[in-house]
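> One structure coming up, written as structure tokens, with questions to follow.
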Amino acid sequence: MEIFIDSADVAELRQTSATGLVDGVTTNPSLIAKSGRKMRDAIAEICSIIDGPVSAEAVATDVEGMLAEGRFLAAIASNVVVKLPLTEAGLMACRTLSGEGVPVNVTLCFSAVQALLAAKAGATFISPFIGRLDDAGLDGMELIREIRAVYDNYGFTTRILAASVRTTNHVKDAAIAGADCATIPAKVFQALYKHVLTDQGLEAFLKDWRSTGQSIL
Ligand code: G3P
């Protein structure tokens, strides 16, 4: 499963991408607002840090506006993916941009039938929001399983990008459910390395090693 970082914080993105384990980035209007940067500048810098897909979200709500913003965003760098909301206008704009060769990430997906429509509209990525479904008392991971089944039934190549990920268990369960990618906050990425038994085991090994008085080199 590919790992994307859900952030517009360039310092955080430089740090996480230095591991060589980050495959892409997603942003949204809230993350751009939090960064305090101009959209164009932030996306250009992020695209210079990360080779993989970088999602930049349009904010227009009509088809023409989405097309204009989408084309502007796509021109910033060759790895920009235009992010559009799962609305009728969003899917119409998705069809047109995808036809022009611009990859589209359809966001704010909360049902398998929405994901079916996004695939039919030519989306490169579909972003089901796991955490927000869980917050609403529903089962976010069930949506990933349903979309996987629907896409596999019909051979859709739209990639399932698990979004609104809050925990390491979300990452594990999304991988088991067959999500193609997960976009995660940097703090969840850092937590993926962690296990209490790894820390305890390493401490014990190093203690025993010190008792030998040896050095390897
Ligand atoms: O970028 C979309 C998504 O990952 C947002 O997550 O935590 O705001 O629900 P969250």
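The values are calculated or read from the model by the stated rules, or taken from the named source; none is laboratory data. Predicted, not measured: the structure shown is a model, and the values here were computed from it. With ligands, DNA and RNA removed, areas are computed over all heavy atoms of the protein, side chains included. Shrake-Rupley method; radii C 1.70, N 1.55, O 1.52, S 1.80 Å.
> Rounded to the nearest 10 Å², what accessible area does ILE50 show when all protein chains are kept and the probe is 1.4 Å?
10
> Based on the alpha-carbon set only, what is the convex hull volume of region 4-111 divided per residue, in Å³?
With only Cα atoms used, region 4-111 gives 97 Å³ per residue.
> Right, here's the next one. At a 1.4 Å probe, what is the % contribution of carbon and sulfur to the accessible area of region 91-217?
Working: 4080 of 6970 Å².
Answer for region 91-217 is 59 percent, counting heavy atoms of protein chains only.
> Over region 1-159, what relative contact order in percent results from Cα pairs under 8 Å that are six or more residues apart? Present the calculation step by step, with values, prior to reporting the outcome.
On the way: 265 pairs, mean separation 22.4, N = 159.
Computed value for region 1-159: 14 percent relative contact order.
> Right, next: Evaluate region 78-123: find the radius of gyration of its Cα atoms, find its Kirkwood radius, and give the ratio Rg to Rh. Walk me through the numbers on the way to the answer.
Values: Rg = 9.7 Å, Rh = 10.2 Å.
Expressed as Rg/Rh, it is 0.94.
> Same structure again: As a check on your grasp of the helix formula, calculate [θ] at 222 nm for the chain: sum -39500 (n - 2.57) over DSSP H runs of n ≥ 4, divide by the residue count, round to the nearest 500. Spell out each step's value before the answer.
Details: 11 runs with 113 residues, N = 217.
Taken over the chain, the calculation gives -15500 deg cm²/dmol.
> What accessible surface, in Å², does a 1.4 Å probe find on SER78, ignoring ligands, DNA and RNA and rounding to the nearest 10?
130
> Return the Rg/Rh value of region 94-217, two decimal places, where both radii are evaluated on C-alpha atoms and Rh is the Kirkwood radius.
1.23
> Sticking with this structure for a sec: Ordering TYR193, TYR154 from largest to smallest accessible area (1.4 angstrom probe), what's the sequence?
Values: TYR193 115, TYR154 160 Å².
Sorted by accessible area, descending: TYR154, TYR193.
> Also, quick follow-up: If I fit a long axis through the Cα atoms of helix 39-49 and take the longest principal axis of the Cα atoms of the chain, what angle between them do I get, 0 to 90°, rounded to 10?
Approximately 50 degrees, to the nearest 10.
> Leaving ligands, DNA and RNA out of it, rank PHE205, PHE156 by accessible area with a 1.4 Å probe, largest first.
PHE205, PHE156
> Enter the accessible area per residue of the chain (Å², integer; probe 1.4 Å; all protein chains in place).
Values: 11050 Å² over 217 residues.
Counting only protein heavy atoms, the per-residue value for the chain is 51 Å².
> Which sequence of MET39, MET92 reflects their accessible areas, 1.4 Å probe, from the largest down?
MET92, MET39
> Starting from the Cα of LYS187, draw a straight line to each of the lysines and keep only those under 26 Å, dropping any in the same chain fewer than 8 residues away.
LYS34, LYS38, LYS83, LYS172
> Now for a separate question. Please report the Cα spread of the chain along all three principal axes, rounded to whole Å, starting with the longest.
71, 38, 30
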